[in-house]
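So that we are looking at the same thing, I have put the structure below in structure tokens.
The values are calculated or read from the model by the stated rules, or taken from the named source; none is laboratory data. Quantities reported herein were computed from a predicted structural model and do not represent experimental measurements. Using ideal geometry, Cβ is built from the backbone for each residue, glycine included, and neighbour counts are taken over all protein chains shown. The area values use the complete protein model at the heavy-atom level, side chains included, leaving out ligands, DNA and RNA. Shrake-Rupley method; radii C 1.70, N 1.55, O 1.52, S 1.80 Å.
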Amino acid sequence: MYFAVNFSMNKLEHIGIAVANLEASEALFTRLLGVSPYKREVVESEHVITSFFQVGDVKIELLAATQESSTIAKFIEKKGEGLHHLAFEVDNLSDSLTEKCNQGFELIHTQPKPGADGKIIAFLHPKSTNSVLTELCQTVIK
Ligand code: ZN
């Protein structure tokens, strides 16, 4: 079954990793990757604090909960720390969301919302993407 694809993903923008202790994981990933994080940013709406590493063209985004109600806290409780999501960059997030919905993907967010690192973001539900939580993001601030 093939669908006409009008809006392709530009690239894998970042990989999100859920961590319990941001300081400890920043130190671990600094050792692993050989680079230090270039920024930390709180995403209030998601109750998370993020830390970003640049590795070639791809970023690694560590995500830690700032409150127990955070989806990251719930994720770690259920599945433990580790790979959380893949984020693909698109040119126009609203158009891409409409397309993915029309293609039969289940959307967690039907509208773009503010994300970290100068992006607007939206997630597709993992039950429609082979259990891979998938984020679409569009750069709004360079
Ligand atoms: Zn992300």
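Residue-by-condition table, conditions (1) in a loop (DSSP other than H, G, I, E, B); (2) open to solvent by less than 60 Å² (accessible area, probe 1.4 Å); (3) within 16 Å of the ligand (Cβ to nearest atom):
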site: P37; (1), (2), (3): yes, yes, yes
site: T50; (1), (2), (3): no, yes, yes
site: Q54; (1), (2), (3): no, no, yes
site: E61; (1), (2), (3): no, yes, yes
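Return the only residue of D91, D117 being at positive phi and among the acidic types (D, E). Working first, answer last.
Numbers: D91 fails: at positive phi.
Just a single option satisfies the conditions, and that option is D117.
Are there any pairs, at least 6 apart or on different chains, whose C-beta atoms fall under 6 Å, with the first in the stretch 96-124 and open to solvent by 20 Å² or more (accessible area, probe 1.4 Å) and the second away from the ligand (no atom under 16 Å from the Cβ) and not in a loop (DSSP other than H, G, I, E, B), and if so, which?
F105/S128; E106/S128; L107/C101
When you check V90 against the structure, is it among the β-branched types (V, I, T) and touching a Ser or Thr at 6+ places or on another chain (Cβ under 6 Å), yes or no?
Taking the combined requirement at face value, the residue satisfies it.
Being farther than 19 Å from F123 by Cα and not hydroxyl-bearing (S, T, Y) is the filter; apply it to the stretch 63-77 and report the residue that is least open to solvent (accessible area, probe 1.4 Å).
Going through the stretch 63-77, the residues farther than 19 Å from F123 by Cα turn out to be 66-68, 77.
When the remaining residues are screened for being not hydroxyl-bearing (S, T, Y), the result is 67-68, 77.
On the way: Q67: 87, E68: 171, E77: 163 Å².
Across the stretch 63-77, the extreme among qualifying residues is Q67.
Just give me the residues in the stretch 39-48 being within 13 Å of the ligand (Cβ to nearest atom) and assigned to a strand (DSSP E or B), in sequence order.
E41, V43, V48
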